[in-house]
Amino acid sequence: MSRLAVAIANYLEHEPVGVMLTSPADISWGQDVLVQPDVFVIPLDEARTGDWSKLRSLLVVAEVLSPTTARADRFTKRRRYQEARVPVYWVVDGADQQVEVWTPDAEFPTVERERLVWRPAGARQGFTLELAELFRPV
């Protein structure tokens, strides 16, 4: 998770379209809808309000799979992010060294094995991260 967070933070220094945050951070879209993304980016205008309770828009979300979270990340959270119209949801699978890329209307993910690409609105250049770098041994 730290390599992904650092890569996104570095990108946002040059393309200030949002603010990257990591868990623990609860996002709620209602009384019974609560998620805690591993890594996510919120729009600058929402970050500037300083009011965590009004945080509603997520530009990109990444969940890093573990044996205890895989089912929730792939099913429950994915549905919640799609319902909330999060533009891009990455399910990072370190064991298989791949990333599932979900969009709001997707019935199935695109599976990336080479690189992640994210093109947020308002950015001059897109974010690219080679998966070989993300998954390289320590």
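Tell me whether region 89-98 contains one or more residues that are outside any loop (DSSP other than H, G, I, E, B), more than 15 Å from Phe40 (Cβ to Cβ) and modelled with pLDDT of 95 or more. Among the residues of region 89-98, at least one is outside any loop (DSSP other than H, G, I, E, B), more than 15 Å from Phe40 (Cβ to Cβ) and modelled with pLDDT of 95 or more, which makes the answer yes.
Taken together, the residues in region 62-103 that are small (Gly, Ala, Ser), surrounded by fewer than 20 Cβ atoms within 10 Å (Cβ to Cβ) and touching a residue at least 24 places away in the same chain (Cβ under 8 Å) amount to 3. Mind checking whether some residue in region 2-16 is touching a helix residue (DSSP H, G or I) at 6+ places or on another chain (Cβ under 7 Å), assigned to a strand (DSSP E or B) and modelled with pLDDT of 80 or more? Among the residues of region 2-16, not one is touching a helix residue (DSSP H, G or I) at 6+ places or on another chain (Cβ under 7 Å), assigned to a strand (DSSP E or B) and modelled with pLDDT of 80 or more, which makes the answer no. Within region 31-50, the set of residues being open to solvent by less than 30 Å² (accessible area, probe 1.4 Å) and either in a strand (DSSP E or B) or in contact with a Lys or Arg (Cβ under 7 Å, 6 or more places away or on another chain) (or both) comprises Val35, Val39, Phe40, Val41, Ile42, Pro43.
Within region 104-117, one or more residues are in contact (Cβ under 8 Å) with a residue 24 or more places away in the chain and within 29 Å of Val138 (Cβ to Cβ).
Confirm whether Val117 is under 14 Å from Val39 (Cβ atoms) and under 14 Å from the mean Cα position of the chain (by Cα). No.
The values are calculated or read from the model by the stated rules, or taken from the named source; none is laboratory data. Fair warning: this is a prediction, and the values are worked out from it, not measured in the lab. Because the Cβ atoms are built from the backbone with ideal geometry, glycine has one as well, and the counts that use them run over all protein chains shown. Side chains are part of the model used for accessible areas, which takes the heavy atoms of the whole protein and leaves out ligands, DNA and RNA. Shrake-Rupley method; radii C 1.70, N 1.55, O 1.52, S 1.80 Å.
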